[in-house]
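Here the structure is laid out as structure tokens; the discussion comes afterwards.
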Amino acid sequence: MKKISNWVIATFILCFLVIIAGGIVRTTQSGMGCPDWPRCFGKWIPPTNASQLPADFEKYLGKQDIDHTFNAYHTWIEYINRLFGVLLGLFGIIQVWLLFSKRKTHPQAWKLSVAFLIVVILTGLFGAIVVKLNLAHFSISVHLLFAILLLQIQLALWMSVNEKFHKYDMVAGTKRMLWIFLVIIFVQSIMGTMVRMYVDDISKALNYEQRALWLADDPAIFLIHRTFSWLVVLMALWMAWLNRTTVLKKNYYALAAVILLSMTTGIVLYYAHMPAFAQPLHLLLASVAITINMYLILKAKIRTA
């Protein structure tokens, strides 16, 4: 199972890379860099300059949400993002193939690998819908939720094939607290996507310039998101303190640290006027926090006595 476990870990890491790539696409406004799907300007390998565009390229550029001129930078960022998605699909197929022979001895792992592949396919197909809808806010948020779901399935799969994995006794209240915290992080993440929707509209209206004005009006959803972050931080620190003497204390410390880093990047985004590097990092840290929290939930075994 070691070879399978290593492959599962590699696929798990690739999931995070896909999320980072998606964050970079959105940060650079490259989402319509390839305005058709699954090809890019009708080609499997996109053009690098305007002279390589097909004769009817205007019908593709007319779909773009950003401008109506060819931008090789946007095109190749989006194309590389799609390649990451294809690579994840290939990793998922190989993962299913590796676990096929273990479907009787490790039925849960086999089912999780199949579930992962199905969600990867659905995510890819939904990507086509995102393009067709011209990057509609709701579609982008749903696409992100698919990616987070993939992470949690792959996490459960890794724990299922990891022969060293075992659960730890916890009082019932601890696991309940983890579930509550997971809901809180999820709600905070949803509000984060709503803030991003607002920023997308304002930044587009300002031609993606004057970053200092993107959140200058302090919209209500941003103020709620910012205030709610204190609840997330305080609860993470509280759980870390409560578990400071347990076997899993390092995991709780890691969760609290990631939450603090996520809040820090949020502060940087606001006070440094939305620097591009901080946006995908903020998204990545939120995804990591959800994953660590789910890891702790899966590690928990309710103590009955």
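Some values worked out for this structure:
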read-out: Test result for residue 125, at pLDDT below 90 and either in contact with a Ser or Thr (Cβ under 7 Å, 6 or more places away or on another chain) or within 22 Å of residue 297 (Cβ to Cβ) (or both); value: no
read-out: Some residue of region 9-26 being surrounded by 14 or more Cβ atoms within 10 Å (Cβ to Cβ), at pLDDT below 85 and within 26 Å of the chain's Cα centre (by Cα); value: yes
read-out: The listed residue being within 21 Å of residue 158 (Cβ to Cβ), at pLDDT 90 or above, assigned to a helix (DSSP H, G or I) and not hydroxyl-bearing (Ser, Thr, Tyr), out of 267, 292; value: 292
read-out: Filtered residue count, region 134-149, keeping only those that are under 22 Å from residue 41 (Cα atoms) and exposed (fewer than 14 other Cβ atoms within 10 Å of the Cβ); value: 1
read-out: Region 228-250 residues that are over 20 Å from residue 297 (Cβ atoms), paired with ones that are surrounded by 13 or more Cβ atoms within 10 Å (Cβ to Cβ) (beta carbon under 6 Å, 6 or more apart); value: 228/188; 229/263
read-out: Filter result (among the aliphatic types (A, V, I, L, M) and closer than 28 Å to residue 257 by Cβ) within region 207-235; value: 215, 221, 223, 224, 231, 232, 233, 234, 235
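Matching residues to (1) at pLDDT 85 or above; (2) over 30 Å from residue 2 (Cβ atoms); (3) touching a strand residue (DSSP E or B) at 6+ places or on another chain (Cβ under 7 Å); (4) not hydroxyl-bearing (Ser, Thr, Tyr):
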position: 150; (1), (2), (3), (4): yes, no, no, yes
position: 153; (1), (2), (3), (4): yes, no, no, yes
position: 167; (1), (2), (3), (4): no, no, yes, yes
position: 186; (1), (2), (3), (4): yes, yes, no, yes
position: 199; (1), (2), (3), (4): yes, yes, no, yes
position: 219; (1), (2), (3), (4): yes, yes, no, yes
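The values are calculated or read from the model by the stated rules, or taken from the named source; none is laboratory data. Keep in mind that this is a model prediction, so the values were computed, not measured. Every residue, glycine among them, receives a Cβ derived from its backbone with ideal geometry; neighbour counts consider all protein chains shown.
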